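Written out below as structure tokens is the structure these notes cover.
The values are calculated or read from the model by the stated rules, or taken from the named source; none is laboratory data. The structure presented is a predicted model; accordingly, all values stated were derived computationally and were not measured. Here the Cβ is made from the backbone with ideal geometry for all residues, glycine too, and neighbour counts use every protein chain on show. Just the protein is used for accessible areas: all its heavy atoms, side chains included, with ligands, DNA and RNA removed. Shrake-Rupley method; radii C 1.70, N 1.55, O 1.52, S 1.80 Å.
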Amino acid sequence: MEQGISIIFAFRNRGITRIKSSMDALQIQKLQNFEVIFVDYGSKGETSVKLQNLLSNYDFAKYFYLPVENLLWNKSKALNYGIVNSRFEYIFIADVDLIFHPETTSLFEKLKNTQSFYLFKLGYLGKEESKKLLNEYKFEDLKPARFGIVNGMILASRKALLGVYGMDEFFHFYGAEDEDLFARLENAGYKKKLNSHQYFYHNWHKSFSVAEDKLLTGNPR
């Protein structure tokens, strides 16, 4: 297994602009010791083409399209596909809304530990603050509205993730699949650690659940 970090994204029918913001943040990492495994779980044809064209501009990115547009969104299946197709010894499960500090991969290198897995703080940018991402900006000039701790970001060894059989594919949509993974890793003897570096910001978007609480739609939840 090669040394380095495999950063895995799971995606379906999201805005391409926010993907560019995340990839641009990775492109300026001071330590280029990583690959991006980008798993598109059944996006519409037009979105898939735009995304593939975008990712072709980044040498570190590998794009995988799974033709499952008629199946329910299953983040666990997408991430498991990414884990199996990764080539580095450590894996970071990312999110398409993430903006990375320029020294994030350097931090990952320091945290590598075969007996532990790491969770991270996430700073949430407001709507107006997120508009800065569309132009040149410095990470330290971004001002999150708040920070959260419970989220799906995790750094773990590939061996550990495969040892617990990855994400539980019973879960669909969003929520619970990450907490389930953390619990199974701890049950397998790996120590959970929270890193205090404020190296991750979340690009603003409307809450998916709140957006549909007042309007009946055909989108399954």
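Computed on protein heavy atoms with a 1.4 Å probe, the accessible areas place 24, 40, 59 in the order 59, 24, 40, largest first. Think of a 1.4 Å ball rolled over the protein heavy atoms: the chain then has 52 Å² of accessible area per residue. Here the 3J(HN,Hα) profile of region 89-106, calculated from phi with Karplus coefficients 6.51, -1.76 and 1.60 at θ = phi - 60°, is 6, 10, 10, 10, 8, 9, 9, 5, 9, 7, 10, 9, 4, x, 10, 4, 5, 5 Hz, Gly and Pro shown as x. Each residue of region 8-21 was assigned a 3J(HN,Hα) from its phi angle through the Karplus curve 6.51 cos²θ - 1.76 cosθ + 1.60 (θ = phi - 60°); the sequence is 10, 10, 10, 9, 6, 6, 10, x, 6, 4, 6, 5, 4, 4 Hz, with glycine and proline shown as x. When the surface is traced with a 1.4 Å probe over the full set of protein chains, residue 137 keeps roughly 80 Å² accessible.
Loop-located trypsin sites (Lys or Arg not before Pro) in region 74-153 (DSSP state not H, G, I, E or B) with no more than 10 neighbouring Cβ atoms inside 10 Å: 138.
For residue 191, which lysines qualify as cross-link partners when the Cα separation must be under 20 Å and same-chain residues fewer than eight apart are set aside? Residue 191 reaches 110, 112, 121, 159. Positive-end ranking of 88, 124, 78 along the dipole of region 73-140, with charges on Cβ about the Cα centre, is headed by 78.
Counting only DSSP H runs of at least 4 residues, each contributing -39500 (n - 2.57), and dividing by the residue count of the chain, the helix-based mean residue ellipticity at 222 nm comes to -8000 deg cm²/dmol. Where a ≥ b ≥ c are the square roots of the eigenvalues of the C-alpha gyration tensor, would you call the chain rounded, which needs a/c under 1.5, or, failing that, prolate if a/b is larger than b/c, or oblate? Verdict is rounded for the chain.
May I ask you to give the percent of accessible area on the chain that is carbon plus sulfur, with a probe radius of 1.4 Å? On the chain, the fraction of accessible area on carbon and sulfur atoms equals 52 percent.
Net charge dipole, region 58-200: roughly 360 debye, given to the nearest 20, about the Cα centre with Cβ charges of +1 for Lys and Arg and -1 for Asp and Glu.
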